[in-house]
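Read the structure below first, then the notes.
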Amino acid sequence: LVMNPTLNEEVIQQDLSEDLEGAESEWLGIFRKSLSTHLHPEVLDDAVVPKRRELEFQPNTLYSAFVDVSGGTRDSMTLALTHMEPSSDGDVLVLDLVREVVPDPKFDPAQVAKDFCKELARYHITEISGDRYAAQWCVSAFENEGVRYNPTPHSKSELYLLVEPLFNTGRVRLLDHPKMVAQFKMLERRTRQGGKDLVDAPGNRPEDIANAVAGALVMANSSSIGRIKTYDWLRFARKE
């Protein structure tokens with residue numbers, strides 16, 4: 001504002017509230033760290049609703065579902081369900097359910113997909129989103145159970161970047177799920193050449209639950225009519 005007083009101060013303050021590190025670099029001329037924590041621990045703790053383990057189906061509610069598929073070797077196969085609801089402070093994104101299946105010698109991804117579809121049926125969900133990993137297999141596995149599988153156009157890192165402003169503006173209500181919260185807290189944000197950030201877990205540590213939850217929150221946010229669409233949030237991904 002000192003260098004260019006014609007700028008909109010409200011826009012600057014909004015960017016600072018949604019993505020502090022990125023906005024400080026863009027608006028305040030502060031050099032960015034090459035490696036930083038993705039979400040502040042206090043922000044995550046504030047998003048958790050204590051002792052809330054799971055929410056039951058509510059009529060007249062539009063639910064979003066996201067699955068992180070596992071190949072059956074190391075990664076878990078995870079499912080998250082979310083919905084948007086009004087509040088006195090504006091619309092909030094609510095996490096309803098989390099499921100994780102850890103692979104073992106008898107792990108069968110097709111059976112897990114079938115079990116996940118039973119959970120979807122409880123919430124009257126007929127579509128699910130997920131990444132493009134083994135997309136064709138996922139399409140068949142879920143469609144066999146009457147559920148449409150929609151591959152997301154976003155990478156895992158982009159989903160984390162898209163969900164960051166939702167957390168920072170206090171629009172997320174999480175379940176009291178310690179493992180999920182721990183996975184979010186360990187995520188690291190790296191600044192790469194060209195300004196496009198990368199978010200991932202250090203040392204290939206598991207973050208399958210966090211990935212599914214981030215995806216479901218982004219889907220719930222983008223599905224709300226008249227709200228900012230998912231693609232509009234991509235500016236926070238610092239695209240080249």
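Between P50, P105, P41, which is within 22 Å of R205 (Cβ to Cβ) and either at pLDDT 90 or above or not aromatic (F, W, Y) (or both)?
Numbers: P50 fails: within 22 Å of R205 (Cβ to Cβ); P105 fails: within 22 Å of R205 (Cβ to Cβ).
Testing whether each residue is within 22 Å of R205 (Cβ to Cβ) and either at pLDDT 90 or above or not aromatic (F, W, Y) (or both) leaves just P41.
Name the one entry in R173, R122, R132, R148 that is closer than 25 Å to R74 by Cβ and of a type outside the set (V, I, T).
After ruling out the rest, the residue left standing is R132.
Here are G72, G22: which of them is open to solvent by less than 40 Å² (accessible area, probe 1.4 Å), modelled with pLDDT under 70, within 29 Å of K118 (Cα to Cα) and not charged (D, E, K, R)? Give the steps one after another, and end with the answer.
Working: G22 fails: within 29 Å of K118 (Cα to Cα).
The conditions single out G72.
Per-residue answers, yes or no, for (1) closer than 19 Å to Y133 by Cβ; (2) modelled with pLDDT under 95:
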position	(1), (2)
H154	yes, yes
N168	no, yes
L174	no, no
H177	no, no
R189	no, yes
Q193	no, yes
D200	yes, yes
S223	no, yes
Y231	no, yes
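Mind counting the residues in the stretch 133-159 that are free of Cβ contacts under 8 Å to residues at least 24 places away in the same chain and touching a Leu at 6+ places or on another chain (Cβ under 6 Å)?
So the count comes out to 0.
Please state which of the following conditions S129 fails to meet, knowing it meets all the rest: (1) outside any strand (DSSP E or B); (2) in contact with a strand residue (DSSP E or B) (Cβ under 7 Å, 6 or more places away or on another chain); (3) closer than 19 Å to Y63 by Cα.
Status for S129: all satisfied but (1).
Out of all the residues in the stretch 184-214, which are surrounded by fewer than 21 Cβ atoms within 10 Å (Cβ to Cβ), touching a residue at least 24 places away in the same chain (Cβ under 8 Å) and assigned to a helix (DSSP H, G or I)? So that I can check it myself, show each step before the final result.
Of the stretch 184-214, the ones surrounded by fewer than 21 Cβ atoms within 10 Å (Cβ to Cβ) are 185-186, 188, 190-196, 198, 200-206.
Cutting the leftovers down to touching a residue at least 24 places away in the same chain (Cβ under 8 Å) gives us 185, 188, 190-191, 194-196, 198, 200, 206.
If the condition is that a residue be surrounded by fewer than 21 Cβ atoms within 10 Å (Cβ to Cβ), touching a residue at least 24 places away in the same chain (Cβ under 8 Å) and assigned to a helix (DSSP H, G or I), then K185 is the only one that fits.
Residue check: is D91 under 14 Å from V172 (Cα atoms) and at pLDDT 95 or above?
On the way: under 14 Å from V172 (Cα atoms): yes; at pLDDT 95 or above: no.
In short, no.
The values are calculated or read from the model by the stated rules, or taken from the named source; none is laboratory data. None of these values were measured; they are calculated from a predicted model. Don't worry about glycine lacking a Cβ; one is built from the backbone with ideal geometry, like all the others, and counts go over all protein chains shown. The protein model used for the area step is the full one, side chains on, heavy atoms only, and it has no ligands, DNA or RNA in it. Shrake-Rupley method; radii C 1.70, N 1.55, O 1.52, S 1.80 Å.
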